[in-house]
Structure formats: structure tokens, C-alpha cells
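Peer 1: If you scroll down you'll find the structure; I have some questions about it.
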């Protein structure tokens, strides 16, 4: 259930891409107003006819595939694209209406809306939303993991020490948007059959889907050694079943192309809000 809305949003975008592609292809095909293609099978072989509307009457004319191949193919493709467009547009409209009315967290909010005294009497089948957002202690950072100021010189609005200006921007944005997050959580992965502990830059919970994500900000991708290390780390994530766009969020920058608020908000809106 937690991934339902994300999958439907993705499907809606795929339909939008398909609809745009159909319109582009239709624009490149010749138009034959009032003419349609009819196909009949005679002795196991297809025979093609042009159906025309002339003065309120319908006329049919045999069309030779050998002599009028381009016309037959154009009509067949055009009629297929129109049917596909109709189906894609109707599916898109259904998804659009559903997504506008569907709230993934609606069932979790039932408990939250009750009087606290009544809430104490209930054995909930669905956890309270506010409680859920604060019960992911197993994702919290390792308390023994040191955060020396010399390695974390930037201080966030919440008083955390982070490694870079961009990490401060990300942490402050998560805090401003009330997105539950933790800085440098502890994560154990398997590397060549040996456990290794890594610390992703952030762990963050989507308020829309209640799904937990790791977030790595790759901030010096124009430095070859840094880029190589980042790629090795991404390979390690994927070897452990943590894939970009699924449980792993990525942002990037170089010295000439810094992280922008627009880029960060686009990612946040897509996955977390």
C-alpha cells in the first residue's frame, strides 16, 4: 500500500509521455478526411477496402496492397494511433481523478483525529500517523559515531553539525518542510560476504507514502577520485538491494553546477511530499 500512490503517479507520467508521442506521430502522417480502412479475410487472405463518406452515402473501393501500400499503411497506423490515444487519455483521466481524491494516509489519520481519552481505549488496526513518524529508531544514527566539528563545520537550523554547505541546505529544507529525517544514519551492508557499516548522508520519511529513504548527496562529482568512490558506494548499495529511485535518493553537484533549491524541491515533491 505504501508504494501505491508512487506507482500510480509514475503510470500517469508514462501515459502523458505516450500521449505526447502519439500526437507527434499523428502530426507526421497524412490526413485522409472521411476515409477509413476496412479489412476483410477472403480464403484466408486479407483484402483491403477504402470506405468513403460521399454526400451522405458510404462507398467502398477495393485497394490493392501492392499498388497502394503507403496509403493502406498510413490509414492503418492512423486509425491505430487514434484508438490508442483514446484509451491512453481515458486511463489518464481516471488516474487523475483518483489521485486527486485518494489520500494514502487517510486511514492512519482516523486514530489521530480522535479525542486522546478515546484513543486510549482503542486497539488500533492502523498506527497513528504522528506516532508512526517517530517510531523508526532503528534508522537512527549510531550514537558512537563521532561528529567532530573539524569534519562537520556547518551547523543546521536544528543545531546539527554537517559536512558541507549543501548538506546544511538539505537538512534545513527537510526541517522546514517537517519531513522526519536523521543525519548520517548507521547502515550495515554486505561487501564480499563481509559486513561493513556505512553512513548515508540522510535518512528521511515520505509524508505521502510513509516510506523510508536513504539520501546521498554527491557533491564533488567533477573530482575524479570522489566520483570513483561515489560509484563504488552506489554499486555497494545496489549489491544489497538498495536501488536509486526506489529506496535511495540521489542529488548531485559540481563546482560549476551547484545544487539549486529548484532541483532539491523537485526531488522532494516527487518522493516525499
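Values in this text are rule-based calculations from the coordinates and carry no lab data. This is a predicted model, so every value here is computed, not measured. Because the Cβ atoms are built from the backbone with ideal geometry, glycine has one as well, and the counts that use them run over all protein chains shown.
Peer 1: Label-point separation (nm) for residue 59 and residue 14, each offset 7 Å from Cα along Cα-to-Cβ?
Peer 2: 4.6
Peer 1: Report the FRET efficiency, 1/(1 + (r/R0)^6), for residue 21 and residue 119, where r is their Cβ-Cβ distance and R0 is 45 Å, rounded to 0.05.
Peer 2: Details: r = 51 Å, r/R0 = 1.13.
The formula returns an efficiency of 0.35 here.
Peer 1: Relative contact order, percent, of the chain when contacts are C-alpha pairs under 8 Å separated by at least 6 residues? Mind dumping the intermediate values first?
Peer 2: Values: 304 pairs, mean separation 33.7, N = 273.
Taking the mean separation of contacting Cα pairs over the length of the chain, I get 12 percent.
Peer 1: How far apart, in nm, are the 7 Å Cα→Cβ label points at residue 102 and residue 36?
Peer 2: Reported label-point gap for residue 102 and residue 36 is 3.4 nm.
Peer 1: If we sort 183-193, 214-224, 47-57 on the protection proxy, mean other Cβ atoms within 10 Å, highest first, what's the order?
Peer 2: Values: 183-193: 15.0, 214-224: 17.4, 47-57: 12.1.
Answer by packing, highest mean first, reads 214-224, 183-193, 47-57.
Peer 1: Measure nothing but the geometry: give the 0 to 90° angle between the long axis through the Cα atoms of 69-101 and the longest principal axis through the Cα atoms of the chain, rounded to 10°.
Peer 2: 40
Peer 1: With everything on Cα atoms, drop me the angle between helix 224-239 and the longest principal axis of the chain, reported from 0 to 90° to the nearest 10.
Peer 2: Value to nearest ten degrees: 80.
Peer 1: Going by how many other Cβ atoms sit within 10 Å of their own, how do 208, 10 line up, fewest first? Walk me through the numbers on the way to the answer.
Peer 2: Numbers: 208 18, 10 13.
Fewest-to-most ranking of 208, 10: 10, 208.
Peer 1: Related question: Take residue 252 and residue 154, extend 7 Å from each Cα along the Cα→Cβ direction, and tell me the distance between the two endpoints in nm.
Peer 2: 1.9
Peer 1: For the chain, what does the helix formula give at 222 nm: sum of -39500 (n - 2.57) over DSSP H segments with n ≥ 4, over the residue count, nearest 500 deg cm²/dmol? Before the final figure, lay out the partial values.
Peer 2: On the way: 8 runs with 111 residues, N = 273.
Taken over the chain, the calculation gives -13000 deg cm²/dmol.
Peer 1: Continuing with the same structure: Can you give the relative contact order of region 39-127 as a percent, counting alpha carbon pairs under 8 Å and 6+ residues apart?
Peer 2: For region 39-127, the relative contact order is 13 percent.
Peer 1: Where does helix 4-27 land angle-wise versus the long Cα axis of the chain, in degrees 0 to 90, nearest 10?
Peer 2: With rounding to tens, the tilt is 40 degrees.
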